[in-house]
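Everything below concerns the one structure shown next.
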Amino acid sequence: PGLFPDTVELFLSPFEVEDMLHNKLSYQRALTERGFETLKFMELSSPEDVEKLDFTTPFAIKQAYSRGSQTIYKAHPGDDLSYLEFDPTNPWIAQEWLEGDRYCTYSVCRDGEVFAHATYPVDYAIDGKSCLTFEHVDHEGILEWTRKLAKSVNFTGHMGLDFIDHPERGLYTIECNPRGTSGIMMFTREQRVDRAFFGENTELITPPLGRSTMIGAGMLLFGWKKNAYPNNTFKKFRAKMRESKDVIIDPLDPKPAAMMPLAYAGIMRQARKYGVGIDGGFMHDHEWDGRPV
């Protein structure tokens, strides 16, 4: 209150809701409280919590607040976890490691309703995590899951979800990003996704099927690497580059492409300043790590 005039409408949910979804630990707890099935998870706030771990299968370890999930450890029952350092404001979460088809989503929500939505399989990605290429697919189960979550928290804002679709166990979300994500770049100019922010459209806006897009500069920096794609080869990388449209290069809107050198120079400065990689520098200024600002 008082930060903006009464005539300004903020496109986001109350901070408590945003934080609940952004925090990887509180998000899993919120799902459980609302009747969603989750992967097994445990909070790790101390060495004593580590001793209580009772996983019988591999599990992931990451912090509740972690930019882009850059630090994820894959552990096995009985592993030595003495390397973990504990922060009282940012606990670790141990979460069951489940293999399956991986999907990401991007949705524009308003008052608990989904007005625009994209579902895209994890294809080329930085270290297999942050997507570099995007192609919308129809997945009714994921869409309905997203609608149910948005309704359950009366969400307004951007929502990005990471899914695992297991052939026998079904759908699970790993984490939630209640902010704008790269998925918004999948929509075309003609679709007028801006209408979704105001709730003006009556039919759900989704990106065109069969249209492959990419972050070209990101693909050049990371896409050729072995861990960017399963069994990656330079031939596969080159073929993907040829078939995908660069979302930054647009003859009708040339300025974003022209400003890319300046943008990447800024990312490099951020990376050097905070002692992180280029991907970390990209995320550092717009994903909250839970610390007071």
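All of the numbers you see were taken from the coordinates with simple rules; none came from a lab. On a predicted model such as this, the values are computed, not experimentally measured, just so you know. As a convention, Cβ positions derive from the backbone with ideal geometry for all residues, glycine included, and neighbour counts pool all protein chains shown.
Of all aspartates and glutamates in the structure, the ones whose alpha carbon falls short of 14 Å from that of LYS236, not counting any fewer than 8 places away in one chain, are ASP123.
Gain on full extension, evaluated as 0.36 nm per residue between ASP253 and GLU43 minus their Cα-Cα distance, stands at 70.9 nm.
Within a straight-line Cα-Cα reach of under 25 Å, LYS40 can be paired with the following lysines, leaving aside sequence neighbours fewer than 8 residues apart in one chain: LYS24, LYS52, LYS62, LYS74, LYS129, LYS148, LYS151. Peptide packing for 234-246, 131-143 was compared via the average number of neighbouring C-beta atoms within 10 Å per residue; ordered from the highest value, the list is 131-143, 234-246.
For region 7-44, state which GluC sites (Glu not before Pro) are in a DSSP loop and have at most 15 other beta carbons lying within 10 Å of their beta carbon. Show your work: numbers first, answer last.
On the way: sites: GLU9, GLU16, GLU18, GLU33, GLU37, GLU43; in loops: GLU9, GLU37.
Passing both the DSSP loop test and the Cβ count: GLU9, GLU37.
Label separation (GLU190 vs ILE72): 3.6 nm, computed from points 7 Å beyond Cα along the C-beta direction.
Only four residue types carry charge here, +1 at the Cβ of Lys and Arg and -1 at the Cβ of Asp and Glu. Report the dipole size of region 1-154 about the Cα centre in Debye, rounded to the nearest 20.
Details: 14 positive and 27 negative charges, 32 e Å.
Here the size comes out at about 160 debye.
If I require 20 Å or longer along the helix axis, counting alpha carbons, and a Kyte-Doolittle average no lower than 0.5, what helices from the chain are left? Use full DSSP H segments.
Working: long enough: 260-274 (21 Å, -0.23).
Answer set is empty.
Here LYS255 is the anchor, and the lysines within straight C-alpha reach of less than 18 Å, apart from those fewer than 8 places off in the same chain, are LYS245. For region 16-96, the normalised intensity computed at q = 0.12, 0.15, 0.18, 0.21 Å⁻¹ comes to -0.33, -0.52, -0.75, -1.01 (log10 of I(q)/I(0), Debye sum over alpha carbons, equal scatterers, no solvent).
Which FRET efficiency value, to the nearest 0.05, do you get for LYS129 and PHE4 by plugging their Cβ-Cβ distance into 1/(1 + (r/R0)^6) with R0 = 41 Å?
So the FRET efficiency works out to roughly 0.75.
Summarising the overall dimensions of the chain from its C-alpha atoms, the Rg and Dmax are 19.6, 59 angstrom.
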